[in-house]
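Please read the structure below before turning to the comments.
No lab work stands behind these numbers, since they all come straight from the coordinates. Since the model is a prediction, treat every value here as computed from it, not as a measurement. Here the Cβ positions follow ideal geometry from the backbone for every residue, glycine too, while neighbour counts run over all protein chains shown.
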Amino acid sequence: MQKRILFDCERLKYPNTGLYTFCESLGKALLNNAEKDQQITTYVPAKAKGIFGYKTDYLVQKSWHKLFIPGTSKFDVWHSSNQVSRYYPSSGNTKIVLTIHDLNFLIEKHDRPARIKNHLLQIQQRINKASAIVCISNFVADQVKEYLDVKNKNLSVIYNGCTINDYTDFNNPGYLPSKPFLFSIGTILPKKNFHVLTALLKENDYELIIAGNLSSPDYVNKIIKEADLFGVRNRVKIIGSISDQERSWYYRNCKAFVFPSIAEGFGLPVIEAMHYGKPVFISTHTSLPEIGADAAYYFENFEPEIMQSALKNGLEDYQTSDMADRARQRAAQFNWDDTARAYLKLYKSITK
């Protein structure tokens, strides 16, 4: 008997974000790997209809769906793709799979306990509706168990995948560095901790290129002020959102990838940089050591001298060690087809 599965891709309304990548990449892999008795429908904003091809079944999101979504009784499984989604099936017979990407608000809003309490309550309500819960790293799973009540429900860890198009013929990025450069990417928010990277430009002639949505002008200003403090402002380039082709070019050509984030549920850019065999320097916070494992170098703290030493020693080690091969091998362990097959197996297990 065929099972009908809806995959919530509502977050496709926000390009150049991690959840957009998750929905697009997992959606494609689910459709490619679904078994004959599994029919996938994708729930998308109107502008994203067709993103998975025109032979795919789509349910188009409407703003009033937050109150009621008609026709959901036909679905056996509703996969809510993130912990903040407000779209759920109206039928109580539909099994819900909930993916939790992070509880970063525990760090971001540490000085606002009322906000934290409210966020936890909202996620708890979603957990209460779910038949199965998926976390994207063991770190997130441990946080969920500590701060929320999973009620003995099925809780599993399924790592995100990483599929990269290399665009080896592309050589025309919007900003072309004139010097060897360090690269970082992510939404420009305080949790990404980009401002500490400016110290890495002391005692060398590197540029620092930071790409990503310019979501916080105040934080952009903080990065610039830190660059001024170290006298390196002319070598710090905050270039905003970039194309996939440009992303590939910067990974391929950077001296090193640097990612000092203090709040990550997974850390996809780390895997992307490893795919290119680059020396990767990351923080020891949240999920990053789990993802980087022994294929990355680590900033033990964010004191300028400690970071400068980590970069210098890491780059020297990289020249004489097998870190490039180790990085590529680590990256190869994460692919969306494996991720999709794990979800498809989970869907099947809750609809027997």
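Values computed for the structure shown
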item	result
Cα pair distances of the range 181-332 binned at 5 Å [whole percent]	2, 10, 20, 25, 23, 14, 5, 1, 0
Under 14 Å, Cβ to Cβ, from residue 124 - net charge with Lys/Arg +1 and Asp/Glu -1	+4
Rounded to whole Hz, the Karplus (6.51, -1.76, 1.60) HN-Hα couplings of the range 183-195, x for glycine and proline	10, 8, 8, x, 4, 7, 9, x, 5, 6, 6, 4, 4
Peptide ranges 178-186, 303-311 listed from the most packed, as the mean C-beta count within 10 angstrom indicates	178-186, 303-311
Protection proxy ranking of 51-64, 328-341 - average other beta-carbon atoms within 10 Å, highest first	328-341, 51-64
Hits among lysines - C-alpha to C-alpha of residue 312 under 28 Å, sequence gap 8 or more where chains match	179, 191, 192, 202, 222, 225, 237, 255, 278
For the range 248-313 and the range 107-162, distance of Cα centres in Å	25
Relative contact order of the chain, pairs being alpha-carbon contacts under 8 Å that are 6 or more residues apart, as %	16
Phi-based couplings in Hz for the range 273-288 (Karplus 6.51, -1.76, 1.60; Gly and Pro marked x)	5, 5, 3, 8, x, 7, x, 10, 10, 9, 7, 9, 8, 6, 7, 4
Formal net charge of residues neighbouring residue 29 (Cβ-Cβ distance under 11 Å; K, R +1; D, E -1)	-1
Convex hull volume per residue for the chain, taking Cα atoms only, in Å³	148
Within the chain: Cβ-based charge dipole about Cα centre, in debye rounded to nearest 20 (Lys, Arg +1; Asp, Glu -1)	1700
Net +/- balance of residues flanking residue 80 in space, Cβ distance below 10 Å, scoring K and R +1, D and E -1	+1
